[in-house]
1. Being assigned by TED's automatic domain parsing to the domain that holds A:Leu217, buried (at least 18 other Cβ atoms within 10 Å of the Cβ) and touching a residue at least 60 places away in the same chain (Cβ under 8 Å) narrows it down to one residue among A:Ile148, A:Ile57, A:Ile71, A:Ile114; which is it?
2. Please work out if A:Val158 is in contact with a helix residue (DSSP H, G or I) (Cβ under 7 Å, 6 or more places away or on another chain) and assigned by TED's automatic domain parsing to the domain that holds A:Met66.
3. May I ask you to list the residues in the stretch A:89-121 that are within 14 Å of chain B (Cβ to nearest Cβ) and farther than 20 Å from A:Leu187 by Cβ?
4. Determine whether the stretch A:77-88 contains at least one residue that is open to solvent by less than 10 Å² (accessible area, probe 1.4 Å), assigned to a helix (DSSP H, G or I) and either of a type outside the set (S, T, N, Q) or not assigned by TED's automatic domain parsing to the domain that holds A:Tyr193 (or both).
5. Is the stretch A:189-199 home to any residue that is within 14 Å of chain B (Cβ to nearest Cβ), in contact (Cβ under 8 Å) with a residue 12 or more places away in the chain and closer than 19 Å to A:Thr83 by Cα?
6. How many of the residues in the stretch B:30-61 are touching a residue at least 40 places away in the same chain (Cβ under 8 Å) and out of contact with any Lys or Arg (no Cβ under 7 Å at 6 or more places or on another chain)?
7. For the stretch B:166-195, name all the residues that are of a type outside the set (A, V, I, L, M, F, W, C), under 21 Å from A:Pro164 (Cβ atoms) and either more than 7 Å from chain A (Cβ to nearest Cβ) or assigned to a helix (DSSP H, G or I) (or both).
8. Given (1) surrounded by fewer than 21 Cβ atoms within 10 Å (Cβ to Cβ); (2) within 21 Å of B:Pro158 (Cα to Cα), where does A:His52 come up short, assuming only one miss?
Amino acid sequence: MAGKDAIIEIEHLSKVFGTTLALNDINLSIKKGEFVTLLGPSGCGKTTLLRHIAGFIKVEEGRILMEGKDISEVPPFRRELNTVFQRYALFPQLDVYDNIAFGLKLKKLPEKEINKRVKKMLKMVSMTGYEGRDVNSLSGGQQQRVAIARALVNYPKVLLLDEPLAALDLKMRKDMQIELKEIHKKLGITFIYVTHDQEEALTLSDTIVVMKDGRILQTGSPIDIYNEPKNAFVADFIGDSNIYDAVMIEDRRVSFCGHEFECVDEGFGNNAPAEVVIRPEDIYVLPNPAAGQFTGVVRSCTFKGVHYEMFVDTPEGYEVMIQDYNAFEVGSEIGMLIKPQDIQVMHVSRVENIFKGEMVDSNHVDMIGGVFECPQTGFERGQKVTVRVPYDKVDLMDNVEDGTVCANIDFLLYKGNHYAIHVLTEDGYSARVSTNDVWDKNDMVGIKILPGDMTIEKAEEND
Amino acid sequence: MKKFLAQAYIWLLLIILYAPIVIIAVFSFTEAKVMGNWTGFSTNLYSSLFTGGINSSLITAIINTISIALIAAMVSTALGTVAAIGIHNLRGWRRQAITFVNNIPMMNPDIITGISLFILFVTIGLTQGYLTVVLAHISFCTPYVVLSVMPRLTQMNPNVYEAALDLGATPMQALRKVIIPDIKPGMISGFILSFTLSIDDFAVTLFTKGNQGLETLSTYIYADARKGGLTPELRPLMTIIIFTVLLLLIIINIRSLKINKKLNEKNGKKVLV
């Protein structure tokens, strides 16, 4: 993967904090001059990754290369990169000039040179004339400009930015985004930018790295990530989307929402389970129901500034989100049309839960951190088994005590007519659930599985 | 009526608090051997205090008190600051445990601290004198420095230290150029607190000064009073100390007023810009 033009390469980087895996085998190559964004929800490991690159966290497993040289053991003050912190982290006892000159003074540059470079940076961030000001008297936006100037004045090879705009108000944030983009273009140095704001990532980046639970889910250009998300999480995280369970009938034909559609994807095999993503702006609304591929009744219609956002119920019981420049009356029947290239089909790795377990006696199995009753198997105690449970046969109980195992709702996704939920048990096992009940992220639930819903097989010897 | 009662209450309190001090100050301006006898206005006690008309051991005691307080305050400010930075970087139970251990000496009655230090010095065979008093004072002052520096550290933006490293400062440079200037106010108040605690101390000093004739002001006055009444020259000395402290307090208050005013001006400017 080591390209000649790569400036930062990360190889098999992992990090454990206590019992949680903050980074899980990260591999990433960043090209010289690129604007790369690490994007993900809070706790996904993006800041941890950035802090590893900066040198604030010791590399324990894996390594980080800069221009081909291993910098894993190099302390932060000897790395040729600089950081812009989320809360600016300006030195409160120094004025604007001395804050920006801090790094240059440490390098013992001649006074004249320092003066020249500070002036130049102040000009670039539109802060000329603020040299003598106390940094505590500046507004948030001005402080962030000083922080950017303080980092860039050292002419780093890579600039790291840790959610630098998160503390600013919306308008200021938009202005600063444009300025950052211009600074990047002008200087041509590599920017590594951390954010949880998908819109910011789409606006600024050459490359977006989507992260979740310490892993990289997808790396690609903003257009790739938006149009061809690799899985339901990426699709849901970036922009608005309709996500449905689907069946790939054959090459270029997919079925979802009770209808068959033409698409452009191939190579899934026949009658293969899949998921589809359709962006709400890619669904065409036709006033004549008969003209569309499928029909629905408008349930709500809200004006969103540029477009209207409508929720449409189909007769088959699915919900469709549509963004259109035209408003359609609530209660009216409409036709809907989706072009083949606007249907993004995604692989699903499995269609039911597969748990590894061990028999306690012939009708009890120990799996995902609890002992479940199961059908009579005739297996002996200690027999290793594989247990299959369909997603919709896992019951989540409001009352934690009613379940066999206690778990936490980790991720949930509306799939048009049901919720796809990912739960994490106390012991770190995961399970997927399909349900019509409404839950919130981080709800505590009890997991119950009826014996009749399990399929138990002897595990393979080498498992 | 209500207002009158409230006013009277304040005045009563002030009188109870300050009467002893005022009485000493007033009677420092007369020559009578015994407090309470007014034998006419005179500044003789002041001149005999400074011309050495009295026992020169009082002067020695004063010098001892101040030099011990200065050394103890300086050393405990350094130790306490380093300890506070260390504690600040600890997490979880370790931090709680050390904070708890730090708090015990402050709650401990002086007499217990004094006796335990006395036993310690005897056990390790250290001759008791100036050095042991200084060590004892450092040991009870340091926790107070830790306590006054900690809040400054917690207020500090945690990224500031990292920002310094990021810009090329070694950890020592970062400490000197960024952390110390930021926590200086806490260090100064820790120093002042240690200085006054050290001057004020009697119990611990009594147990650690040994029998080589070392006296600080507090032990000197104690011994003097037991020998047959207070030496009259102590009255002007007390008066001078009280007014010095008063003067210091006024200076500190004026300074903080000025700093506040400056800050307000700056904020005012910010609004205008």
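1. After applying the criteria, what remains is A:Ile148.
2. On the way: in contact with a helix residue (DSSP H, G or I) (Cβ under 7 Å, 6 or more places away or on another chain): no; assigned by TED's automatic domain parsing to the domain that holds A:Met66: yes.
When the stated conditions are applied, A:Val158 does not pass them.
3. A:Ala89, A:Leu90, A:Phe91, A:Pro92, A:Gln93, A:Leu94, A:Asp95, A:Val96, A:Asp98, A:Lys105, A:Leu106, A:Lys108 - these are the residues of the stretch A:89-121 that are within 14 Å of chain B (Cβ to nearest Cβ) and farther than 20 Å from A:Leu187 by Cβ.
4. No, there is no match, as no residue in the stretch A:77-88 is open to solvent by less than 10 Å² (accessible area, probe 1.4 Å), assigned to a helix (DSSP H, G or I) and either of a type outside the set (S, T, N, Q) or not assigned by TED's automatic domain parsing to the domain that holds A:Tyr193 (or both).
5. We begin by selecting, within the stretch A:189-199, every residue within 14 Å of chain B (Cβ to nearest Cβ); these are A:192, A:194.
From what is left, the residues that are in contact (Cβ under 8 Å) with a residue 12 or more places away in the chain are A:192, A:194.
Okay, now just the ones that are also closer than 19 Å to A:Thr83 by Cα, so A:192, A:194.
The answer is yes, given that some residue of the stretch A:189-199 is within 14 Å of chain B (Cβ to nearest Cβ), in contact (Cβ under 8 Å) with a residue 12 or more places away in the chain and closer than 19 Å to A:Thr83 by Cα.
6. Going residue by residue through the stretch B:30-61, those that are touching a residue at least 40 places away in the same chain (Cβ under 8 Å) are B:31-35, B:45-46, B:48-49, B:53-55, B:57-58, B:60-61.
When the remaining residues are screened for being out of contact with any Lys or Arg (no Cβ under 7 Å at 6 or more places or on another chain), the result is B:31-35, B:46, B:48-49, B:53-55, B:57-58, B:60-61.
So the count comes out to 15.
7. Within the stretch B:166-195, the first condition is being of a type outside the set (A, V, I, L, M, F, W, C), and the residues that meet it are B:166, B:168, B:170-171, B:173, B:176-177, B:181-182, B:184-186, B:189-190, B:194.
Restricting the remaining residues to those that are under 21 Å from A:Pro164 (Cβ atoms) gives B:166, B:168.
If the condition is that a residue be of a type outside the set (A, V, I, L, M, F, W, C), under 21 Å from A:Pro164 (Cβ atoms) and either more than 7 Å from chain A (Cβ to nearest Cβ) or assigned to a helix (DSSP H, G or I) (or both), then B:Asp166 is the only one that fits.
8. (1)
The values are calculated or read from the model by the stated rules, or taken from the named source; none is laboratory data. Keep in mind that this is a model prediction, so the values were computed, not measured. Note that each Cβ is placed from the backbone with ideal geometry, even for glycine, and that neighbours are counted across all protein chains shown. When the accessible area is computed, the model is the full protein with side chains, heavy atoms only, and any ligands, DNA or RNA have been set aside. Shrake-Rupley method; radii C 1.70, N 1.55, O 1.52, S 1.80 Å.
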